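Enquirer: Can you keep this structure in mind? I'll have questions shortly.
The values are calculated or read from the model by the stated rules, or taken from the named source; none is laboratory data. Predicted model, so just to flag it, every value in this text is computed and none were measured. Counting neighbours? That spans all protein chains shown, and the Cβs are built from the backbone with ideal geometry, glycine included. In case anyone asks, the SASA skips ligands and DNA or RNA and just uses the protein heavy atoms, side chains included. Shrake-Rupley method; radii C 1.70, N 1.55, O 1.52, S 1.80 Å.
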Amino acid sequence: MRFPPVLCRRYLSTRLFLSFLSFSLPSSLSLFVSSQACTQSTHSLSFAVDFVDCGRGSGLRFESRDPADFRIEADGTVVAARTLQLSDRKGRSLEIKAKDVKSQEQWLVHVNFTQPNLFEEMVPEILFPRHSVVVKGDGSVNRVKRDWVIPPVNVLENSRKQFPEELVKIQSDKDKSNSLRYSVTGPGADQNPTGLFIIDAISGILSVTKPLDREHIPNFHLRAHAVDVNGNQMENPIDIIINVIDMNDNRPEFTHQIWNGTVDEGAKPGTFVMTVTSQDKDDPNTANGMLRYKILSQTPESPSSNMFTINNKTGKIITVAAGLDREKVPQYTLIIQATDMEGNPMYGLSNTATAVIRLLDVNDNTPEFTRETFHGEVPENRVNVIVTNLTVTDKDEPGTPAWNAVYRIISGDPTGRFSIPTDPVTNEGLVTVVKPIDYEMNRSFMLTVVADNEVPLASGIHRTRQSTSTVSIRVIDVNESPNFDPNPKQVKLEEGLPQWSMLTSFTAHDPDRYMQQTIRYSKLFDPANWLEIDPNNGRISTIAVLDRESPYVKNNLYNATFMASDNGVPPASGTGTLQINLLDINDNAPRVFPQEAEVCERPEPNTINITAVDGDLNPNAGPYAFELPNRPSDIRRNWTLTRISGDHAQLSLKISYLETGIYELPISITDSGNLPMSNTTYLRIKVCQCDHHGDCVDMERIMAAGLGTGAIIAILICIIILLVLVLMFVMWMKRRDKERQAKQLLIDPEDDVRDNILKYDEEGGGEEDQDYDLSQLQQPDTLEPDLIKPVGIRRLDERPMHSEPNYPIRSAAPHPGDIGEFIHEGLKAADTDPTAPPYDSLLVFDYEGSSSTAGSLSSLHSSSSGGDQDYDYLNDWGPRFRKLADMYGGNDD
């Protein structure tokens, strides 16, 4: 049968052929045929045609000229009203009218029915547009050239037909009068991918050359052209849309092959767990891409085989049964299947994935102590000491807040002397002392401890009796240090207290009430050595006069530290500080400051400002009285002294000229103490010639040469630098000579003993430490009489005279074994000699001076020749002495 084009805003002219056996039309054509309305036998046919209203909506109204055989629904669908015989419709067409309600425009279409050949496949034809008939409201008819709307062509993907496969035939009305050539352009024809579609230039049949893949390209947009043999365009190009119809050729693919989810243990039914998703490359708008999920298996099947369920459309997994217990089953494994074709097990393709559901621990188990009572002991006065460890068991997951234990002391420790931190690894409670415990106050403790978790217990779970335990702690008595009270102790005294005066008693008490012990006192720190303490009763007295002006007194306070020790086992001691606040008395006479001054020989004007200085404090200090003595008489005649303030005075010349020189001027100063003290201080005054700036000038000749003070200072600095450089050069030369001499003493490399030679340089003491007798280091029998230090000539800091000790005298040829004994006896005699120098500095060993009386060391002052000695024993002293053995004990060669 042949269908004419659908009537629309634009005139449609097309013929679609339906076979007796099968037919298919795309859903987007202007003309639709529904399969459920087409029932066909050998002699009858019924069908339905959907008219597209081209966007006019409900503004179109359709009418059938043959309502007995066909009726038109309100949505434009043409339905066969009865069973039709093709023989009855032969030569007859169905006329359908469409009318626009608003514009009153009308369109007509004719549907023709033909009998196709059952054994000949019919190819749909697409005609280039021709003039449409438009019936106006007044009954007149106009022919208008309109654009063409071509229905899409559907092609099944992965087709297995013989290629090239004919799809549609393109034809123009002008083909009857002209010889036309047809062609197509666009992707799939002359653009990539080229060669998929071809057209017969003469017949206009469009064919596909190979199977299409919708997942690669879902549709093609081609343009059809009609030209004459000269290439002239005969028709406007028309658009041809080719849709690739989807087939179910792709399995669902899960986004992840293994899905991980969690849910709390004890979760109620309906609790969300996770969502699994999969994708299908097929068309999601068809059954080929519509997926359905289901759970194939659950492992383990405890306590039920259906603990979870999945939404078959969304993949959302939830719990459906109660009884999830992590302590029994910590994890479930589900096999999830996704099937397309809306889950049809016969036609749909499926795939599987694994969902692993881990149960999260909740605090549904209380910590329980392993024992009812724990025991421990701790020495008194010790802190940060672990007394005992508390152990608990908890069935919850280790390392989680539901497993971590928290210990609390609920009774037995009112003063807070204990704490129980938790070991993060073992979860044990560490009973720790945080405040000192006094055995004399508490000999034992009985603590009640409760164990909880970091998070509260789950709803409906209660603490058991095993969550509480008792801790028994015994305190061990130890020997404690005596305590001074008060510490520090302060006393207030006037300075100048005489020697052996009683100051105060500074005693300590022993906190060990259950130990019979004796306390003794001693002085630990007394920087000025002013005090002593009685070792038995702790009374402190002076052994020197207390002086507030001493450098050991800071802010009028003098600090001394004393120690109290008991006779316990082991002994213990404590310290106490005595602070003496020294009150000032007038025990220091004032003096003048500065003690030297300069004045010009011609005062124009010329004055000296002086200040009185007193070590005492007010009121034993200023204001001061300044006075010049009456004798000698020239003092008051030449000088005048004027008081400026209580502490300052001004000294000036009375006469107009005073000869250049140095004068010592006595000045009497009296303080304001209760018993005033006076003192005459000599002020050293240098009278000199002055330049126009008022500065003293001593080098008249240099000034005459034109050199100023700055130039003189620069010359002096240069001279000093030059002298320092010369001195450094001399020292460097001496060091170089010493190193050169030392290199000459080096022996063969195998016997090199340089690593045992120490270099001490010349780091001796001061000049006063060089005045001592070196004769003790020499052999007494070789000393010359005139080199011995006369009796009575000694160092100023030597001890009082004592009888000279007898140093051992080495025999002329001692046995080698006696050398050690001789050195030991000499060392012993020197240690007991109070006159042995020096006392306060190191000796200089590296310089012995010239013409030493000790003689050469090469012979070790032996009276006999080297041949008389047997030096073979030096070979037994090691490789470093073998050279000496070869030198003295070897053969003549």
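Enquirer: Hey, what's the per residue convex hull volume over the C-alpha atoms of region 483-583, in cubic angstrom?
Expert: Given the Cα convex hull of region 483-583, per-residue volume reads 83 Å³.
Enquirer: Here's another thing I want to ask about it. How large is the dipole of region 253-360 about the Cα centre if only Lys and Arg carry +1 and Asp and Glu carry -1, each at its Cβ, rounded to the nearest 20 debye?
Expert: 220
Enquirer: Okay, next question. Quickly work out the Gln579-to-Val545 label distance, labels modelled 7 Å from Cα along the C-beta direction, and quote it in nm with one decimal.
Expert: 2.8
Enquirer: If you don't mind, there's one more thing I want to ask. Can you work out the PRE-style zone for Val491? Point 7 Å along Cα to Cβ, and I want the residues of region 584-602 with backbone N under 20 Å.
Expert: Residues passing the 20 Å test: 584-585.
Enquirer: Give me the accessible area per residue for region 253-360, probe 1.4 Å, as a whole number in Å².
Expert: Dividing the accessible area of region 253-360 by its residue count gives 53 Å².
Enquirer: Continuing with the same structure: Treating cross-link reach as a plain straight distance, find the lysines whose alpha-carbon is under 18 Å from the alpha-carbon of Lys554, omitting any fewer than eight places away in the same chain.
Expert: Lys489, Lys492
Enquirer: For region 372-439, report the accessible area per residue in Å² (1.4 Å probe, heavy atoms, rounded to an integer).
Expert: Per residue, region 372-439 has an accessible area of 51 Å².
Enquirer: Using each residue's phi in region 635-642, evaluate 6.51 cos²θ - 1.76 cosθ + 1.60 at θ = phi - 60° and report the 3J(HN,Hα) Karplus result to the nearest Hz, with x for Gly and Pro.
Expert: With the stated coefficients, region 635-642 comes to 5, 5, 6, 8, 10, 9, 10, 10 Hz.
Enquirer: Can you flag which of Lys328/Lys395; Lys281/Lys313; Lys294/Lys328 are past 22 Å Cα-Cα?
Expert: Lys294/Lys328
Enquirer: Would you give the gap between the C-alpha center of region 222-241 and the C-alpha center of region 528-574, rounded to a whole Å?
Expert: Result: 126 Å between the Cα centres.
Enquirer: Separate question: Dimensions of region 627-671 along principal axes (Cα, Å, largest first)?
Expert: That works out to 33, 19, 17 Å along the principal axes.
Enquirer: Find how much the distance from Lys435 to Phe163 grows on full extension, using 0.36 nm per residue of separation minus their present alpha carbon separation; answer in nm with one decimal.
Expert: Values: separation 272, 0.36 × 272 = 97.92 nm, distance 9.85 nm.
Result for the pair: 88.1 nm of gain on full extension.
Enquirer: As a test question: what accessible area, to the nearest 10 Å², does His216 have when a 1.4 Å probe is rolled over all protein chains in place?
Expert: Probe radius 1.4 Å; accessible area of His216 about 140 Å².
Enquirer: Something else: P(r) for region 439-532: what percent of alpha-carbon pairs falls in each 10 Å bin, starting at zero?
Expert: P(r) for region 439-532, in whole percents per bin: 10, 24, 17, 14, 12, 11, 7, 4, 1.
Enquirer: To check my understanding: the extent here is largest minus smallest coordinate of the Cα atoms along each principal axis. What are those three numbers for region 153-245, in Å, largest first?
Expert: 42, 23, 17
Enquirer: At a Cα cut-off below 23 Å, give the lysines reachable from Lys828, other chains included and same-chain residues fewer than 8 away excluded.
Expert: Reachable lysines: Lys789.
Enquirer: Moving to a separate point now. Which percent of the Cα-Cα distances in region 368-476 go past 19 Å? Mind showing how you got there, number by number?
Expert: Details: 2515 of 5886 pairs.
Beyond 19 Å sits 43 percent of the P(r) for region 368-476.
Enquirer: Scan around Leu546 for amide H atoms under 5 Å from its own, H built in the peptide plane at 1.01 Å from N, and keep only partners 5 or more places away or cross-chain.
Expert: Gly496, Leu497
Enquirer: Let me know the charge dipole size of region 368-476 about its Cα centre in debye, to the nearest 20, where only the beta-carbon of Lys, Arg (+1) and Asp, Glu (-1) is charged.
Expert: Numbers: 10 positive and 14 negative charges, 56 e Å.
Roughly 260 debye for region 368-476.
Enquirer: How about Lys738: which lysines have a C-alpha closer than 30 Å to its C-alpha, ignoring those fewer than 8 places off in the same chain?
Expert: Straight-distance partners of Lys738: Lys759, Lys883.
Enquirer: Moving on. Tell me the carbon and sulfur percent of the accessible area for region 483-583, rounded to whole percent, probe radius 1.4 Å.
Expert: Carbon and sulfur: 49 percent of the exposed surface of region 483-583.
Enquirer: Okay, moving on. Go through Lys489, Lys281, Lys734, Lys686 and list them by solvent-accessible area, largest first, probe radius 1.4 Å.
Expert: Largest to smallest exposure gives the sequence Lys281, Lys734, Lys686, Lys489.
Enquirer: Once the convex hull of the alpha carbons of region 253-360 is built, what does its volume come to per residue, in cubic angstrom?
Expert: About 81 Å³ per residue, rounded to a whole number.
Enquirer: Using a 1.4 Å probe on the protein chains only, how many percent of the accessible area of region 591-688 belongs to carbon and sulfur?
Expert: 47
Enquirer: Nearest 0.05, what FRET efficiency do Thr185 and Arg358 give at R0 = 56 Å with Cβ-Cβ as r? Walk me through the intermediate numbers first.
Expert: Working: r = 60 Å, r/R0 = 1.07.
Plugging the Cβ-Cβ distance into 1/(1 + (r/R0)^6) gives 0.40.
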